[in-house]
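Notes for the one structure printed next.
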Amino acid sequence: MKHTITLNVNGQKYTVDVEPQEKLLDVLRDKLDITSPKKGCEMGECGACTVIMNGKAVNSCLVLAVESQDAVITTVEALHADGKLHPLQQAFIDAGAVQCGFCTPGMIMSAKALLDTNPTPTEMEIKEAIAGNFCRCTGYKPIVDAIQSAAAVMKKEGA
Amino acid sequence: MSGTKVVGASVTRTDALEKVTGAAKYTDDVKFGPGMLYAKLLRSPHPHAKIVKIDTSKAEALPGVRAVATGQEFNSYIGLYLLDRTLYAFDKVRYVGEPVAGVAADTEDIAEEACKLIEVEYEELPAVFDPEYALDPQAPIIHEKLGEYEYAPFIFPQAGTNISNYFKVRKGDPENAFKECACVIEEEFYVPHLQHTPLEPHVAVAKYDHSGFCTLWTSSQSPFAQRNLLAKALKMPYNKLRVIVPYLGGGFGCKAGVSIEACVIPLAMKASPRPVKLRMTREEEFFCTFVRQGLKAKVKIGVNDEGKILAMENTYYWDAGAYTEYGVNITRASGYSSTGPYNVPNVKADAYCCYTNHPVGGPMRGFGMPEIHWAIEQVIDIICRKTGMDPVAFRAKNALQGGDITVTGGVMHDTGLQKCILKAAEDLGWDKPKHEAKPGKRVGRGIAAMWKAPAMPPDASSGAILKFNEDATVNLLVSGMELGQGTHTVMAQIAAEVLGIAYETVRVHTPDTDYSPYEWQTVASRLTWSMGNAVKMAAEDARTQILKLASDHWDCAPDNLDIIDGYVIHKGDPSKTQSLKHMVIYGLTNKDGLLKGGPIIGRGNFIPPDVSALDKETGQGPKSVVHFTTGAQAVEIEVDEETGVIDIKKVASCYDVGKAINPMNVVCQTIGGIYMGLSTGLFEQLQLRKGNPANNSLADYITATVMDMPEEIFPSFVEVPQVDGPFGARGVGEHTMVPTAPALANAVYDALGVRIKSMPVTAEKILCELKVQRLESQTV
């Protein structure tokens, strides 16, 4: 039986018909053409599908679409909406934290969820925040560096 | 190379903006509309069995099923070096997971349901799970028709056996040399199967239209090899098969050659003209695409009392799995690199590519080198421990230098290997006292050196087309894949350097075989060198055309002209400057009033100039490979005596890259290689139980995480120019993981006195060895 849900993605309201077993990731990718959340495992193990849902980083492959009724969802597409890069995006570029790029959107969303609630994280808090995001290219170090430097920039800009 | 502007600069990656904004498109992101079908494969549950009967009638009758394909129809042979497999299994299955049938249906669920309705009758056969046993005359034969298969001239299949390639080296007189040695060590090592686990699983979409034209969108490292192998197998004219590859979400080798594409095109042919998508689940990815093949290595090294290596006798048994897309060439590479990066006058080496009933062995970052160095570098460590020689000094002393004779009898080119060994040791603090371990822990240090050549056929070539636009921006067409290593940025830098323009104005494209020039494959860390040479030629070609145009316009010799920051300038006359804009399309008017020129299109092509064949019996020849990238890595660890858990404290590495076109990119590759080397050295192992994968999920297949990375990393490089490389460059992408695991194992020995000869170095193995050590000391 189809359900009709309404959700807010990147500041826009969408109403879509979904199957009961359909995942938020598939709705975003197939029905809304928002393809930055990636399919890496479909089992919540790799973090490539991470989006921010109601302020929290979630694996969108583990969220049933019907659970996202009235949810506010942010993907990496929204961070560049006004043509200016988010400090995290700029820091990822500058620190060499991007290689194949498949983990990058999810990684940035996990980092954003962290910095939104904890603007001055310790290195260990950063590592914990991205522990569910798999990366095979970078060796993680540049990613941790990028998140640290983005936090510093955001702190400065906010001050 | 001095005086370069953008070559040698750590400029920002050209693809970074697309990737941080979500704009970058990968194969699975491409949309094909509501007509698209979804494919699923029925796979063999048996490691080795005869297919007695296949009945697909129930599957075909299921509503929503649009096509079913099996080996009864699609049984043409395919293979890169040895045509040993069919598109779908035909008379036999040879590994668990082998595609037996495929279904294309309106939804994935229907396709999966239909697969369950296909009835296959098997007759199970005895199987082979050990590469050494594969050579036993009693072992079941996996490919009865090996002697009839088509194969490349540089591999040597042994008909009537399970050996798909046998490469041997006979150099000097090892038998007598060992007699002269003061110390001879012989040990056996084991490397398990791994899976590359790129974050993006394999995905391919094929569309076959009513005119017989086929388009394949695929997550591949090898668009032209795809076209070559698939068009040949399907008897299609090459210009009727178009392969398009968007960005790749990592590959590390498992997306080289042909894997799932062989199954999706037959379905698209039967469901024509609807596009058909085949996407691997993560579970399938682990054993149904390519794996890193296993290795059993027997290494014997002898040194004289001055610490000079006199002889080696190495035997490598590769567990190549059921088919050998790349295994035969990995075996060959392990032969011509069999000594590691050392000057060894007397060598006997035997490398066997063994068929087993395991998943198909493919290339993985390092192409056999992490595996053989795991053995060689530990035996060297054992020799150093036994004779009291310093592992750094010993390696530096025996390191190959320019002019030395390599294992295959060729002359080694200039190399910074010795410097790399010393630099890695120095950065680690090799000569400084170790820090004091916390209670219950021990500190250890280890080092390993390496070499690796691009392993490829002698005709692996590269093409480049460089097109100017009206505003003097450039579209650079190449077909080397950007899979994360940063090749697009490096190519933009090379083109910009030659053309005197900003690298940001060069847009490098992902390939479409209909429009992009030929590139053999994105493997072997060969792009910087090979594709870089083609791009440099294309840029030089365009530059020559531009300068000719301007020299005619000004009526002067082209030698007086240069291009700086997008302007043609006259070196002797500052009043003469001409923007590249406009002229690169619309030309310039001559003194006599005639318009000359037209769209500037640069063309470059490159083929390795001087690689020679090697003698079948001795493996000797003037030049086995194009070059070797060398390097070393040192590791400092702290290991817990009670739990065996290793804490990586410090890693220092140094590679001879010839010329770092983009130093930051080199550093990023190095850190990534250290990660992958540590991950494979500490954790990774695809567990196969009678051919069945036991840990094919990211939860069960353990990899290093952010928490496992070393506290300190010192990545460095030296630049001994590669004379035939673009600006002196040679590749370094894969090399960076080669010495990590043996350096780690050597550090564990240094800390605890236990030797782990079977990769990975797990806490369990350490504890086990410690127990043995304690029992032995009690007995004494």
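Mind checking which aspartates and glutamates have their Cα closer than 18 Å to the Cα of B:Lys771? Skip sequence neighbours fewer than 8 apart in that chain.
By straight Cα distance, B:Lys771 reaches B:Asp640, B:Glu641, B:Glu642, B:Asp750.
Measuring with a 1.4 Å probe in the full set of protein chains, what accessible area per residue, in whole Å², belongs to region A:80-158? All intermediate terms of the calculation are to be shown ahead of the outcome.
Details: 2950 Å² over 79 residues.
Here the per-residue accessible area is 37 Å².
Any idea what the alpha-carbon Rg over 2.2 N^0.38 Å comes to for region B:577-635?
Output field value: 2.38.
So for region B:473-621, what percent of the C-alpha to C-alpha distances run longer than 19 Å?
Working: 6385 of 11026 pairs.
Here the long-distance tail beyond 19 Å is 58 percent of all Cα pairs in region B:473-621.
Among A:Gly96, A:Gly55, A:Gly83, determine the one that fluctuates most according to a GNM of chain A built with springs between C-alpha atoms less than 10 Å apart.
A:Gly83
If you project the alpha carbons of the protein assembly as shown onto the principal axes, what extent comes out on each, in Å, largest first?
Principal axes ranked by extent give 85, 81, 65 Å for the Cα atoms.
Using Cα-only point scatterers and the Debye equation, what is log10 of I(q)/I(0) for chain B at each q in 0.09, 0.11 Å⁻¹, rounded to two decimals?
Ignoring solvent entirely, the Cα scatterers give -0.86, -1.22.
Over the protein assembly as shown, what percent of the accessible surface lies on carbon and sulfur atoms, probe 1.4 Å? Please report the intermediate quantities before stating the final value.
Working: 16890 of 32710 Å².
After summing per-atom areas, the C and S share lands at 52 percent.
Per residue, what volume in Å³ does the Cα convex hull of region B:694-773 take up?
Value for region B:694-773: 184 Å³ per residue.
Provide a whole-number value for the mean count of partner chain Cβ atoms within 10 Å of the Cβ atoms in peptide B:241-254.
On the way: counts 0, 0, 0, 0, 0, 0, 3, 3, 12, 9, 2, 3, 0, 0.
Across B:241-254, the average partner-chain Cβ count within 10 Å equals 2.
Note down the accessible area of B:Asp305, probe 1.4 Å, to the nearest 10 Å².
Answer for B:Asp305: close to 130 Å² accessible.
To the nearest 10 square angstrom, what accessible area does B:Ser76 show with a 1.4 Å probe?
Per-residue accessible area (B:Ser76): approximately 30 Å².
Can you give the accessible area of A:Ile5 in Å² (nearest 10), computed on protein heavy atoms with a 1.4 Å probe?
10 Å²
For region A:3-78, what is the convex hull volume of the alpha-carbon atoms per residue, in Å³?
Considering the Cα atoms of region A:3-78, their hull volume per residue is 73 Å³.
To make sure I understand the rule: partners must be lysines, Cα under 17 Å from the Cα of B:Lys616, and not fewer than 8 residues away in the same chain. Which ones qualify?
Excluding near neighbours in sequence, the set is B:Lys168, B:Lys171, B:Lys348.
Ignoring everything except DSSP H segments at least 4 long, calculate the 222 nm mean residue ellipticity for chain A; use -39,500 (n - 2.57) per segment, divide by total residues, nearest 500. The partial results should precede the final answer.
Details: 4 runs with 47 residues, N = 159.
It comes out at -9000 deg cm²/dmol, rounded to the nearest 500.
Aspartates and glutamates within cross-link reach of B:Lys581: Cα-Cα under 13 Å, excluding same-chain residues under 8 positions apart?
Excluding near neighbours in sequence, the set is B:Glu470, B:Asp471, B:Asp565.
Here are some pairs, B:Lys308/B:Lys649; B:Lys467/B:Lys659; B:Lys40/B:Lys145; B:Lys31/B:Lys235; A:Lys31/B:Lys277; which of them have Cα atoms lying more than 23 Å apart in this structure? Display every interim value, and only then the final one.
On the way: B:Lys308/B:Lys649 32 Å; B:Lys467/B:Lys659 26 Å; B:Lys40/B:Lys145 29 Å; B:Lys31/B:Lys235 28 Å; A:Lys31/B:Lys277 17 Å.
With Cα atoms farther than 23 Å apart: B:Lys308/B:Lys649; B:Lys467/B:Lys659; B:Lys40/B:Lys145; B:Lys31/B:Lys235.
Translational diffusion coefficient of region A:80-158 at 4 °C, 1.567 mPa s, Stokes-Einstein with Kirkwood Rh over Cα pairs, in µm²/s as a whole number.
On the way: Rh = 12.3 Å.
It comes out at roughly 105 µm²/s.
Could you work out the Rg to Rh ratio of region B:570-711, with Rh taken as the Kirkwood radius (inverse of the mean 1/r over all Cα pairs)?
With Rg and the Kirkwood Rh in hand, the quotient comes to 1.24.
Place a +1 charge on the Cβ of each Lys and Arg in chain B and a -1 charge on the Cβ of each Asp and Glu, then give the dipole magnitude about the Cα centre in debye, rounded to the nearest 20.
Using Cβ point charges on Lys, Arg, Asp and Glu, chain B gives about 740 debye.
Using a Förster radius of 45 Å, what is the FRET efficiency between B:Glu108 and B:Glu306 based on their Cβ-Cβ separation? Nearest 0.05, please.
E between B:Glu108 and B:Glu306, to the nearest 0.05, is 0.10.
When ligands, DNA and RNA are left out and all protein chains stay put, how many square angstrom of accessible area per residue does region A:3-78 have with a 1.4 Å probe?
Averaged over the residues of region A:3-78, the accessible area is 40 Å².
Given A:Lys38/B:Lys255; A:Lys112/B:Lys19; B:Lys25/B:Lys270, which pairs have Cα atoms separated by over 23 Å?
Exceeds cut-off: B:Lys25/B:Lys270.
For chain B, what is the mean residue ellipticity at 222 nm derived from helices alone (per DSSP H run of n ≥ 4: -39500 (n - 2.57); sum divided by total residues; nearest 500 deg cm²/dmol)?
-7500 deg cm²/dmol
For region B:211-269, what size does the Cα cloud have along each of its three principal axes, sorted from largest down, in whole Å?
Rounded to whole Å, the extents work out to 34, 20, 18 Å.
The values are calculated or read from the model by the stated rules, or taken from the named source; none is laboratory data. Only a predicted model underlies this, so the values are computations on that prediction, with no experimental measurement involved. Because the Cβ atoms are built from the backbone with ideal geometry, glycine has one as well, and the counts that use them run over all protein chains shown. These area figures cover heavy atoms from the full protein model, side chains too; ligands, DNA and RNA do not enter into them. Shrake-Rupley method; radii C 1.70, N 1.55, O 1.52, S 1.80 Å.
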